[in-house]
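**Q** One structure, as C-alpha cells, below. Some questions next.
The values are calculated or read from the model by the stated rules, or taken from the named source; none is laboratory data. What you see is a predicted model, and the numbers here were worked out from it, not measured in a lab. Cβ coordinates were reconstructed from backbone atoms using ideal geometry, including for glycine residues, and neighbour counts include every protein chain displayed. Heads up: the accessible areas ignore ligands, DNA and RNA and are worked out on the full protein's heavy atoms, side chains in. Shrake-Rupley method; radii C 1.70, N 1.55, O 1.52, S 1.80 Å.
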Amino acid sequence: MLHSFTFHAIAAGIAIVLIAIVLVLRAPKIVSHLMFKYLRKRRIAWVSLVAVMLCTAMVIVVISVMGGWLRMFRETYHGITGDIVVGRQSLAGFPYYQEMLDRIQKLPEVAGAVPALRTFGLINIDGQIHDGVQVIGYPLEKMHSVSQFRHSLVRQYSDCKETLDDPKATPEEKAKAKSILNAPASFKHVYTDDLYKAIQPNMDPDTMPGMIVGASLVGLNKRPSDEAGAGKPDYIRPEEVDLYARWAQLTVMGVSDRRVSIDLRDKSERRFWIVDASRTKVWQYDSQTVYIPFDVMQEMLNMKETKVTDAKTGQEEVLPARTTDITVGIKPDADLYATRDKVRQIVDDVLANHKIEFFRDPVTTRSWEEVNAKFIGAVEKEKILVTMLFAVISVVAIFLIFCIFYMIVVEKTRDIGIIKSVGATSNDVAGVFVGYGLAIGIVGGAMGLLSGYVFIHFINQIHAWVGRTFGFTMWDAETYAFDTIPNTMNPKEVTVIVTVAILSALIGALVPAWIAARKNPVESLRWE
Amino acid sequence: MTKTVQSISTQSSANGAILRASGLKKSFRMGDSSVVVLKQVDLTIRPGEFLAIEGRSGSGKSTLLHILGALDEADAGTVEYDGRDIASLSARARSELRNSQFGFVFQFYHLLPELNVLENTMLAAMVKNSWLRFRSNKPQIRKRAIEVLEQLGMEHRLKHRPAQLSGGERQRVAIGRALMNGPRVLLADEPTGNLDSETGRQIMAVLEKLHREQQQTIVMVTHDRSIAHRADRVLVLREGRLEKPADVSKQNPAQGPDDE
C-alpha cells in the first residue's frame, strides 16, 4: 500500500508541475506577470516560503534519520542473526541437531547451516571487570557461510580493513591484511605460549581457549559521546593495555530438561585468553556478550553426547548432543520464507522421527525478521510515530500560507477590481493566487530539499560540534545502538515529501484564491 | 473573438447605436433598508459621441457607468451593446467586452502600484494575450503602448512607478491603459475629480482631442457642471432618472434625451 502511495505521490507531483506550466503558458500574461511581481515585492510572502522550506527540511531530516536508523538496524540485526534461526527459548536446547544440519545443508537454497549455543554467565576479565554476560558459542570457522558476524571482529577484520583503506600502508601490509580478511575468523591465540607464560606464569596457556569479547564490555568504543566527555566508566582501554594479553574467567551453569532444579554440580568454570573484540554496533551484543568456541561451550554446559546409567535399573542410556540454536544462511536469490518453511519441515520431521515433543517450549524456525521483530517493530513504530508528529506540525504551514495569502488578497482587493475592469476573468484572478501558492510550494520545497540535504550530509559533524560546544549529546550510542547518526536520503521518500509540500502550499492558496476570484469588481474598486 | 466583434459591428449600423440602455433599475441594500439609485434609466449612445452624465455624488452615476461597461449588472432593464443584450452573454464574453470594446478611466486612477507606467499601460494586452502570445507579439504590443503614451505625453516616464508620478500624470497613464486595446467606448468616471482645476482642464483637453481627432466614443460621468458641459451632449441623473439639463445652451437640439 505504501508503495502504491509513493507511486501516486510522485505521479501527482509531476502531473501538478506539468499542468501548472501548461496553464501558466496558456493563461493570460497578466497571471504570471502579477504572480511574480507579488512574489518579489510582497516580502510577507517570503515568510510562507520559509515556512514551506523549514517544514520540508524538517520532515526530510526526520524521515531520513529514522529511516536510515531503521535500515542500519535491520542490516545489523540481519548480519548478526543470519537468515533463518532454528531455536528453543529454553537454555536446555534440543537434540539431534546434527541430523537436522545434514538435511538442511542438502537444500539447494541453503548456503550453510551451523549450530550455535546461547546461555548466560559470569565473567571476570583480568580481575578487573566482573560482569554478567550473554555467552554465545560459535563454530567460528564455519560462521562466514551463515552470517556477517566475522565483520564485527576488531582485530581480525576491522583493523585489516583500515589497513587496506590506509594510503600510507606498505604493499606487504596490505597483502597481509587481505589474506587475513579472506580467511575465516578463528579463536586462535594471538601470542605464542611462551609469551602467555611470561605474562601469567601460574596459568597453563594450552588449556585456555580463545574468547572474543564485546567491544564495549572492554571499553573499545569509538563513540562520539566519549569525545563529549560524558561520564562513562573507565574500562580497560586498548591504548593503555594490550587487550590480547588479558585472561578471562567464565562461569556458566549447565541446564537439562531431565532435571527440574538447577544442580550446583552443573556449574562449570574455565579460563580463556581474549583473542579479539567484536563490534557489531548493536549495544546489547557489544556491551554484554562474549563469544567462545562451540565445542568448548558444549562441553562446559554438558550438552555433548553422554552415556548415563540409571541408578535404579542399571540400564545404560545414550543422551544425544544438544544445541540451543541452528543458524541457516540462504543463497542470495533464494526466497527467505519458502526456505524457512522447508527448514521448519525438516526440523519437525527429525523431532517426530525421534518422538520428541516439547510441550512448554517448542523448537521454532523463524526468519531473521521474525527473530528480531521485537526490536525492528519498535523502531518501525517509532519512525511512523515521529513522522506523523512532524507531519502534523507541517499542517501548520498550510494554515500559515492560508493566513498570509488571505492577507495579500485583502490587501490586493483593489488590484483585483482593476484587472477585472480591463477584462480579466475570475479564473484569471484565481490563477494569480493559485500560481502564487504553487510557486511558493515549488521554490520552498526545493529550498527545503537543499537545506535538508545539507543538514543530513553534515549531521554527524553538526552533532559533534553541538556536543563539544554545549556538552549536550542528543544521539546516545547506548540508546540508539549505533554510534553515528545515519545520513542517507531515500530518493523516493524525499520525492513524496517535496510533492506533499508543494500540494500543501497549493491547498493553502486555494481558498484565498477562490475568495479573490469571486470578489465583485465594483466593490473591489471602491476598496480603500 | 475578432469575428464576434465584427458581427456585432455590422448589427450596430442598422440602428446606429453602440450602447442602448432601457428601463435600468438598480438598488443597494444598506443594512435593513434598500436605496434605489437607478429608477428608470433609458439611454442611447451613438458612435463617435462625447456624452457627459452629470449628477451629484451618490446619484448613482458611477453605477450607471459600471452597468454600461458590463462591470456591474442592473436589477432590471437591459443594456444592448451593438444590439445584443449584455446580460445574455457569458461571464467570459462580458470579460472580453471589457477587455477589447470598453476602456475604463476612474477618479482615483486605479493603477497597479507594483507595475511601472509601461506595464500598467499594457495591462489590457496582458489580459488579452496568453503568456506565449504576449511573448511573440511583444514588439507590437510595446510599440502600441508607447504610441498611446506618446499621445498622452507620457513617453518619457515608461519605467516610473505610479507612486513616483503626479496626479495628472497618473490619470494620463490610466487613460493610456483604457486606450491600449483600441476600445470603441471610453467610460470615464469623474476623470478630473481628484485633480486640481488646471490639471483637470488638461485631462479634459486630452479627452476632447481623442474625441475630435479619433472620433472616440466617450461616456463621462461627473458632478462638475463646467466639466460636463465640455461634452457634445449632457444629461443629468437626478433621482434615478436621466433628464435634460436646465441650461440647454450646450445641448444639440437635434438630439434630445432618449425618449423612445
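**Q** Within the stretch A:503-522, track down each residue that is within 14 Å of another protein chain (Cβ to nearest Cβ) and of a type in the set (Phe, Trp, Tyr).
**A** none
**Q** Just one of the numbered conditions (1) surrounded by fewer than 19 Cβ atoms within 10 Å (Cβ to Cβ); (2) part of a helix (DSSP H, G or I); (3) within 14 Å of another protein chain (Cβ to nearest Cβ); (4) among the small types (Gly, Ala, Ser) is not true of residue B:182; which one?
**A** (2)
**Q** Can you tell which of A:92, A:57, A:51 is away from chain B (no Cβ under 14 Å), touching a residue at least 24 places away in the same chain (Cβ under 8 Å), surrounded by 19 or more Cβ atoms within 10 Å (Cβ to Cβ) and part of a loop (DSSP other than H, G, I, E, B)?
**A** Details: A:57 fails: part of a loop (DSSP other than H, G, I, E, B); A:51 fails: part of a loop (DSSP other than H, G, I, E, B).
Every option except A:92 fails the conditions.
**Q** Name the one entry in A:266, A:286 that is in contact with a helix residue (DSSP H, G or I) (Cβ under 9 Å, 6 or more places away or on another chain), assigned by TED's automatic domain parsing to the domain that holds residue A:111 and modelled with pLDDT under 90.
**A** Criteria check complete, one pass: A:286.
**Q** Now a separate question. If I filter the stretch A:435-442 for residues that are open to solvent by less than 20 Å² (accessible area, probe 1.4 Å) and among the aromatic types (Phe, Trp, Tyr), do I get at least one hit?
**A** yes
**Q** If you take the residues in the stretch B:106-157 that are among the aromatic types (Phe, Trp, Tyr) and more than 8 Å from every other protein chain (Cβ to nearest Cβ), which one is least open to solvent (accessible area, probe 1.4 Å)?
**A** If we take residues in the stretch B:106-157 being among the aromatic types (Phe, Trp, Tyr) and more than 8 Å from every other protein chain (Cβ to nearest Cβ), then B:109 is least open to solvent (accessible area, probe 1.4 Å).
**Q** What is the one condition in (1) at pLDDT 85 or above; (2) surrounded by fewer than 24 Cβ atoms within 10 Å (Cβ to Cβ); (3) more than 14 Å from every other protein chain (Cβ to nearest Cβ) that residue A:448 does not satisfy?
**A** (2)
**Q** Are there any strands (runs of 3 or more DSSP E) wholly within the stretch A:307-405 with 2 or more residues that are touching a Gly at 6+ places or on another chain (Cβ under 7 Å) and under 20 Å from residue A:111 (Cα atoms), and if so which? Talk me through it step by step, then tell me what you get.
**A** Values: elements: A:316-319, A:325-330, A:364-367.
Once the strands (runs of 3 or more DSSP E) in the stretch A:307-405 are filtered for at least 2 residues that are touching a Gly at 6+ places or on another chain (Cβ under 7 Å) and under 20 Å from residue A:111 (Cα atoms), what remains is A:325-330.
**Q** Say whether the condition of being of a type in the set (A, V, I, L, M, F, W, C), open to solvent by less than 10 Å² (accessible area, probe 1.4 Å) and in a loop (DSSP other than H, G, I, E, B) is met by at least one residue in the stretch A:103-115.
**A** Taking every residue of the stretch A:103-115 in turn, none turns out to be of a type in the set (A, V, I, L, M, F, W, C), open to solvent by less than 10 Å² (accessible area, probe 1.4 Å) and in a loop (DSSP other than H, G, I, E, B).
**Q** While we're looking at this one, here's another question. Which of the residues belonging to the stretch A:51-96 are modelled with pLDDT under 90 and aromatic (Phe, Trp, Tyr)?
**A** Answer for the stretch A:51-96, where residues must be modelled with pLDDT under 90 and aromatic (Phe, Trp, Tyr): A:69, A:73, A:77.
**Q** Going residue by residue through the stretch B:75-98, is there one that turns out to be at the interface with chain A (Cβ under 10 Å from one of its Cβ atoms), touching a strand residue (DSSP E or B) at 6+ places or on another chain (Cβ under 9 Å) and crowded, with 19+ Cβ neighbours inside 10 Å?
**A** yes
**Q** Out of B:199, B:192, report the one residue that is within 18 Å of residue B:170 (Cβ to Cβ), at pLDDT 85 or above and surrounded by 19 or more Cβ atoms within 10 Å (Cβ to Cβ).
**A** Details: B:199 fails: surrounded by 19 or more Cβ atoms within 10 Å (Cβ to Cβ).
Sole residue among the options that is within 18 Å of residue B:170 (Cβ to Cβ), at pLDDT 85 or above and surrounded by 19 or more Cβ atoms within 10 Å (Cβ to Cβ): B:192.
**Q** Something else: Condition (residue is away from chain B (no Cβ under 14 Å), part of a helix (DSSP H, G or I), surrounded by fewer than 20 Cβ atoms within 10 Å (Cβ to Cβ) and touching a residue at least 40 places away in the same chain (Cβ under 8 Å)) applied to the stretch A:16-38: is it met by at least one residue?
**A** Scanning the stretch A:16-38 turns up at least one residue that is away from chain B (no Cβ under 14 Å), part of a helix (DSSP H, G or I), surrounded by fewer than 20 Cβ atoms within 10 Å (Cβ to Cβ) and touching a residue at least 40 places away in the same chain (Cβ under 8 Å).
**Q** Only one of (1) open to solvent by less than 40 Å² (accessible area, probe 1.4 Å); (2) modelled with pLDDT of 90 or more is not met by residue B:16, so which one is it?
**A** All conditions are met except number (2).
**Q** Also, I was wondering about something else. Determine, yes or no, whether residue A:41 is surrounded by 18 or more Cβ atoms within 10 Å (Cβ to Cβ) and within 14 Å of another protein chain (Cβ to nearest Cβ).
**A** no
**Q** Let me ask you something else. Residues of the stretch A:286-343 being small (Gly, Ala, Ser) and either open to solvent by 10 Å² or more (accessible area, probe 1.4 Å) or free of Cβ contacts under 8 Å to residues at least 24 places away in the same chain (or both), which ones?
**A** Our first condition is that a residue be small (Gly, Ala, Ser); within the stretch A:286-343, this holds for A:287, A:311, A:314, A:321, A:329, A:334, A:338.
Hits for the stretch A:286-343 are A:287, A:311, A:314, A:321, A:334, A:338.
**Q** Give me a count of the residues in the stretch A:145-181 that are assigned to a loop (DSSP other than H, G, I, E, B) and surrounded by 14 or more Cβ atoms within 10 Å (Cβ to Cβ). Show your work before the answer.
**A** From the stretch A:145-181, those assigned to a loop (DSSP other than H, G, I, E, B) are A:146-148, A:166-170; that's our starting set.
If we keep only those that are surrounded by 14 or more Cβ atoms within 10 Å (Cβ to Cβ) too, we end up with A:146-148, A:169.
Final tally of qualifying residues: 4.
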